[in-house]
Structure formats: C-alpha cells, structure tokens
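Shown next, in structure tokens, is the structure this report addresses.
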C-alpha cells in the first residue's frame with residue numbers, strides 16, 4: 001500500500017470540520033480562502049479513499065500530483081481577505097485583479113498538468129505531453145512565487161489603516177498566509193523538480209515513502225493547518241467589520 005494515502009485521509013478528515021467552522025465564522029467576507037481550503041481537504045479525502053482502495057490507481061495519484069492548486073488559490077484568497085481588513089477602502093481593484101489573474105493562471109496550469117500527466121500515466125504519451133506537464137508545473141511555481149511577493153508586499157506596505165477595526169486581524173491573516181506559503185513552497189519546488197527531471201526516486205507515485213512524506217504530505221498538511229489556525233484565531237473578525 002502507498003503509505004501516504006492513509007495519513008492523508010486521517011489528517012484531512014480531522015481538519016475538514018474545523019475548516020467548515022472557519023468558513024461559517026468568516027462567511028462571505030472570507031469566502032475565497034475557506035472555499036478553496038475546503039475543496040483542498042475534500043480532494044485529499046477523496047484521494048485518500050481512492051488511494052487506500054487502489055494505491056496505483058490513476059485518479060488517486062493524479063489528485064496527489066496536482067492537488068496543491070486549490071491550496072495556492074486559498075492562500076491567494078487569504079491574502080486578499082487580509083488586505084481588505086487592513087484597509088477596506090484602498091486597492092480593491094488591484095486586489096481583485098490579482099485574484100482574477102491568479103485564478104486564471106492556475107486554471108491554465110491545472111489544465112496543462114492534468115492533460116500532460118494523464119497521457120503519460122495512461123501509457124499513451126503524445127509528443128508534447130511532457131512539455132505540457134512541465135509547463136503546467138512551472139506556471140504553478142510562478143503563481144506561488146508571485147503570492148510570496150504579494151503577501152510580503154501587502155504586509156510591509158504602509159498603506160494599511162492602523163485605526164481600522166480589522167487592521168490587526170487582517171495583519172494576522174497576512175502573516176498566516178506568508179507562513180503557509182513557505183510550506184507550500186517546499187511542495188511546489190519538489191513537484192517542479194520531480195516533473196522536470198523525471199527521476200523515478202523523486203516521483204510522487206514511485207518515489208520512496210520518506211520523499212513523499214517530507215516533500216509532499218508534510219508541507220501540504222502544515223500549510224493547511226496554518227491556514228486553519230489563523231482562521232480560528234480571526235473567527236470574530238467579521239463582527240468587527242459589522243460593528244464598524
């Protein structure tokens with residue numbers, strides 16, 4: 001049995017109710033991060049169930065390989081939520097432009113990655129299948145790198161309204177997003193190296209358990225847990241917005 005699927009299933013089964021609670025606590029003001037984190041947990045639960053049933057099955061391993069996408073989108077949403085609370089009246093057009101651009105980029109990356117990897121895993125690769133897979137993986141890395149820059153820029157920017165009711169909560173969201181992005185970076189860089197080198201010992205399917213646990217399972221789990229904890233910490237942030 002692929003040793004990564006059982007812990008995946010256990011962790012995200014435990015995390016899912018907490019994420020749902022955070023989703024309900026933040027409501028529409030925090031829809032994006034908690035919607036995508038919920039989708040990520042659901043994907044990991046489904047992948048875990050499928051993987052335990054058939055460790056070498058294509059669906060479970062495809063989910064395992066490209067499932068980091070909703071996590072990055074969730075962090076993009078977390079940065080956006082933090083920016084809105086820190087300064088409710090500044091940079092809304094810019095903020096939504098970043099959200100739209102990141103979502104579009106990740107959609108393209110996901111389509112390329114799934115199309116290319118699916119052809120290869122099925123044993124019917126086309127001449128450009130590996131190129132598509134590599135391109136999709138690189139685009140995911142580009143989106144991640146931009147989010148690191150964007151979260152830092154948002155944290156260090158002097159345009160936040162320190163007197164705003166949600167300023168400190170928004171800062172906590174941005175700090176949590178930045179920490180989670182560092183964990184995600186390990187997973188993203190590993191994925192890019194694995195796909196671009198095609199080394200079997202780094203494969204998310206055929207690589208050693210230690211590689212998959214340290215470079216896939218742990219970074220994703222720590223990022224998701226970090227997001228959840230910061231969401232719980234700021235669960236009353238919506239009330240400060242309503243009170244203002």
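Rule-based calculations on the coordinates, nothing more; no lab input. A quick note: this is a predicted structure, and the numbers were derived from the prediction, not measured. Heads up, the Cβs are rebuilt from the backbone with ideal geometry, glycines too, and the neighbour counts pull from every protein chain shown.
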### Where labels lie 7 Å past Cα in the beta-carbon direction, separation of residue 198 and residue 89 in nm
5.8 nm
### FRET efficiency, 1/(1 + (r/R0)^6) with R0 30 Å, evaluated for residue 210 and residue 149 via beta carbons
0.45
### Message
Quick check: residue separation of residue 20 and residue 131 times 0.36 nm, minus the Cα distance between them. What number comes out in nm?
### Response
36.2 nm
### Message
Compute a Gaussian network model of the chain, connecting alpha carbons closer than 10 Å, and tell me which residue from 123, 136, 57 fluctuates the most.
### Response
123
#### Entry: Peptides ranked, highest mean first, by Cβ atoms within 10 Å: ranges 86-93, 181-188
181-188, 86-93
#### Entry: Residue-span extension gain [residue 29 to residue 13] - 0.36 nm each, minus C-alpha spacing
3.2 nm
### Message
If the elastic network links every pair of Cα atoms under 10 Å, which of 153, 23, 40 fluctuates the most in the Gaussian network model of the chain?
### Response
153
### Message
Full-extension gain between residue 121 and residue 107, please, as 0.36 nm times their residue separation minus the C-alpha to C-alpha distance.
### Response
3.0 nm
### Message
If you wrap a convex hull around the alpha carbons of the stretch 120-211, what volume per residue comes out, as a whole number of Å³?
### Response
118 Å³
#### Entry: Candidates 198, 175, 64, ranked by Gaussian network fluctuation over the chain, Cα under 10 Å, top entry
198
